[in-house]
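Let me begin by presenting the structure, written as structure tokens, before commenting on it.
What follows is calculated from the coordinates using simple rules that are stated; it is not laboratory data. Computed from a predicted structure; not experimentally measured. As a convention, Cβ positions derive from the backbone with ideal geometry for all residues, glycine included, and neighbour counts pool all protein chains shown.
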Amino acid sequence: FTDRTFVMIKPDGVQRGLVGDIVARFEHRGLKIAAMKMLLVSEDLAKKHYEEHAAKPFFPNLVSFIRSGPVVAMVVEGKDVVPMVRSMVGATNPKNSNPGTIRGDFAVDMGRNVIHASDSPESAKREISLYFNTSEIATYKRID
Ligand code: CMP
């Protein structure tokens with residue numbers, strides 16, 4: 001079974017018209033987009049998604065930011081896809097996100113950082129199930 005990760009283009013990425021550029025990076029790398037949809041995140045979903053940060057001072061901002069506009073949620077598949085996508089996304093702190101990474105090329109703020117990607121296979125499983133039903137995840141052959 002190939003690995004899966006959860007990726008979400010945040011409201012700033014959608015509003016800045018970066019959806020195509022970001023999806024292209026995953027496609028061109030050879031990863032498979034197994035599911036993708038645009039949605040507005042409910043308050044309940046936002047709180048569940050970020051539950052590990054519930055006690056942090058920036059939690060209310062995190063929840064309101066993710067709900068400030070539509071997001072594009074994706075399931076991406078490939079061998080060792082979780083660390084691979086994290087390396088493509090770049091560091092959370094923009095000071096440390098290298099050029100060539102999505103955040104290093106497109107973001108300067110800690111909060112408005114364009115994209116979310118799961119940090120472990122366990123988080124990926126949890127996040128995928130929050131955003132997608134199994135029937136929404138496609139099976140097809142990725143040709144390289
Ligand atoms: P992400 O990795 O998608 O999920 C957790 C988010 O918390 C992270 O992106 C940042 O956008 C945000 N975050 C982490 N640390 C801080 C911080 N010190 N101040 C504001 N936002 C933060």
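What to note about this one:
- Magnitude of the charge dipole for the chain, about its Cα centre and with charges confined to Cβ atoms of Lys, Arg (+1) and Asp, Glu (-1), is about 120 debye.
- Both the radius of gyration and Dmax for segment 2-44 are 11.7, 34 Å, in that order, over alpha-carbon atoms.
- The stretch between N133 and R112, if pulled fully straight at 0.36 nm per residue, gains 4.8 nm over its current Cα-Cα span.
- Across E127, E51, E77, mean-square fluctuation computed from a Gaussian network of the chain (C-alpha pairs under 10 Å connected) peaks at E51.
- Selected from K56, K79, K48 as most flexible by GNM, with the chain as the system and alpha-carbon contacts under 10 Å: K56
- A simple spin-label model places the labels of K56 and L39 2.2 nm from each other, with each point 7 Å out along Cα-to-Cβ.
- Over 29 Å between alpha carbons, listed pairs K56/K125; K32/K56; K56/K79; K48/K141: K32/K56; K56/K79; K48/K141
- Label positions at D3 and R67, each projected 7 Å from the Cα along the C-beta direction, are separated by 3.3 nm.
- For segment 40-111, diffusion coefficient by Stokes-Einstein and Kirkwood Rh (Cα), 4 °C, 1.567 mPa s, µm²/s: 94
- Sites matching chymotrypsin sites (Phe, Trp or Tyr not before Pro) across segment 1-43 that sit in DSSP coil, with at most 15 neighbouring C-beta atoms within 10 Å: F1
- Measuring nothing but alpha carbons in segment 1-126 and taking Rh as the Kirkwood radius, the Rg to Rh ratio lands at 0.93.
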